[in-house]
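**Student:** Here's a structure for you.
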Amino acid sequence: MKEKTDTFFLIHNYNTVPDRLLEYCSRYLIMDASDDGKTKEALAAGGFCVQDVENTGHNITSYFRWFAEHYDELPEVVLLGKGNMIGRHCSEEYFEKVYRNTWFTFLYEEAAMRPRYSKATAKTLAENGGKDPSEGSIASLLSQSRYLEENNSWYMQTGTHPCRYFATLDDFLPFVYKDPVIPKYISFSPGACYIVRREQIRLHSPQFYLNLNKVMDYTLDPAFPAEAYIVERLLPVIFEESCEENAWMNDPDAFDEKLEEERKRMEAAAAEDHRRFKRLRRLLKRP
């Protein structure tokens, strides 16, 4: 029998029944985006507390929508998790040690990648034939759950997710905040699972969260927007820092106008890149 915490579990769910996760809490809401034709029936049959949500391809929009809708009645402590978080983003052993935390907590642990994400030791060198297993890695671990990554926006260049408004984290940060630090490295929880406190959520207004959702839920073709990867990496900044926001972040109409400006800027940059590519091909005498 698990010892249940009073922390409110806000669970984004997709095509799974998160009964394993619910063993640890007494209060929860499943924000369900399932589309496999059977999960919703299973959740209804099990009498779970469920709110159906649009499938945007990731979990952050569910969190932000709930923040805005329940802003005046937020629980003191909220766990932001996925239905399949245990086993995917952290082990059950790790989760059992931290789920009762009432402070900001990264819900991430990837023990299998520790040699790749840590400074080489005599042991890891010996196990890897004398070669540093972390050589060439852009990621590292600051601790058991603190993941660190070079800020090079590699995830925006894969071509598997569209980007309409921003091509890099460096472009996005000044759009959200006035005179922000552009970091050389980023520390975040891959998977966007955390324990947060009410006062951290209230560092920003309900409209701030709704506006950010507009950047992350404009398409699923061929996959969710790449900008969601940027927001994922900035969640510790959103929850922990006191950066001054740009005024449009709290105004729906002004935000839409600024976002349209960013879309046009991206289109112009893409057109210029295309012209440069054509000129290069002509210089190389290629068709």
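The values are calculated or read from the model by the stated rules, or taken from the named source; none is laboratory data. Small disclaimer: the values here were computed from a predicted structure and weren't measured. Because the Cβ atoms are built from the backbone with ideal geometry, glycine has one as well, and the counts that use them run over all protein chains shown.
**Student:** Based on what the data block shows, is Thr124 out of contact with any helix residue (DSSP H, G or I) (no Cβ under 9 Å at 6 or more places or on another chain), closer than 23 Å to Glu23 by Cβ and of a type outside the set (Lys, Arg)? Reasoning before the result, please.
**Tutor:** On the way: out of contact with any helix residue (DSSP H, G or I) (no Cβ under 9 Å at 6 or more places or on another chain): yes; closer than 23 Å to Glu23 by Cβ: no; of a type outside the set (Lys, Arg): yes.
It is false that Thr124 is out of contact with any helix residue (DSSP H, G or I) (no Cβ under 9 Å at 6 or more places or on another chain), closer than 23 Å to Glu23 by Cβ and of a type outside the set (Lys, Arg).
**Student:** Oh, and also: Let me spell it out: the conditions are (1) surrounded by fewer than 19 Cβ atoms within 10 Å (Cβ to Cβ); (2) more than 19 Å from Tyr194 (Cα to Cα); (3) touching a residue at least 12 places away in the same chain (Cβ under 8 Å), and Pro225 meets all of them except one. Which number is the exception?
**Tutor:** Among (1) surrounded by fewer than 19 Cβ atoms within 10 Å (Cβ to Cβ); (2) more than 19 Å from Tyr194 (Cα to Cα); (3) touching a residue at least 12 places away in the same chain (Cβ under 8 Å), Pro225 violates only (1).
**Student:** Please determine whether any residue of the range 204-218 is among the polar types (S, T, N, Q), more than 16 Å from the chain's Cα centre (by Cα) and surrounded by 14 or more Cβ atoms within 10 Å (Cβ to Cβ).
**Tutor:** Of the range 204-218, the ones among the polar types (S, T, N, Q) are 205, 207, 211, 213.
Still in the running and more than 16 Å from the chain's Cα centre (by Cα): 205, 207.
Within this subset, residues satisfying the condition of being surrounded by 14 or more Cβ atoms within 10 Å (Cβ to Cβ) are 205, 207.
Within the range 204-218 (the criterion being among the polar types (S, T, N, Q), more than 16 Å from the chain's Cα centre (by Cα) and surrounded by 14 or more Cβ atoms within 10 Å (Cβ to Cβ)), the answer is yes, since at least one residue qualifies.
**Student:** If you don't mind, there's one more thing I want to ask. Residue check, Gln51 against (1) of a type outside the set (Lys, Arg); (2) surrounded by fewer than 22 Cβ atoms within 10 Å (Cβ to Cβ); (3) more than 22 Å from Asp217 (Cβ to Cβ), all met but one. Which one?
**Tutor:** Result: Gln51 fails condition (3) only.
**Student:** Looking only at the range 70-91, how many residues end up being in contact (Cβ under 8 Å) with a residue 40 or more places away in the chain and among the charged types (D, E, K, R)? Show your work before the answer.
**Tutor:** Step one: list which residues in the range 70-91 are in contact (Cβ under 8 Å) with a residue 40 or more places away in the chain, which gives 71, 74-86, 88-90.
Filter once more, keeping what is among the charged types (D, E, K, R): 76, 82, 88.
Going through the range 70-91 one residue at a time, the tally reaches 3.
**Student:** Mind counting the residues in the range 127-148 that are surrounded by fewer than 17 Cβ atoms within 10 Å (Cβ to Cβ), out of contact with any helix residue (DSSP H, G or I) (no Cβ under 9 Å at 6 or more places or on another chain) and within 30 Å of Arg198 (Cα to Cα)?
**Tutor:** Number satisfying all stated conditions: 4.
**Student:** On to the next question. For Trp103, work out the one condition from (1) exposed (fewer than 14 other Cβ atoms within 10 Å of the Cβ); (2) modelled with pLDDT under 90 it doesn't fulfil.
**Tutor:** Evaluating Trp103 over (1) exposed (fewer than 14 other Cβ atoms within 10 Å of the Cβ); (2) modelled with pLDDT under 90 leaves (2) as the failure.
**Student:** Now for a different question. Kindly evaluate Thr61 against the criterion of being of a type outside the set (D, E, K, R) and assigned to a loop (DSSP other than H, G, I, E, B).
**Tutor:** Working: of a type outside the set (D, E, K, R): yes; assigned to a loop (DSSP other than H, G, I, E, B): no.
Against the criterion (of a type outside the set (D, E, K, R) and assigned to a loop (DSSP other than H, G, I, E, B)), Thr61 does not qualify.
**Student:** Separate question: Among the numbered conditions (1) under 25 Å from Lys264 (Cβ atoms); (2) exposed (fewer than 14 other Cβ atoms within 10 Å of the Cβ), tell me where Tyr155 comes up short.
**Tutor:** The number of the failed condition is (2).
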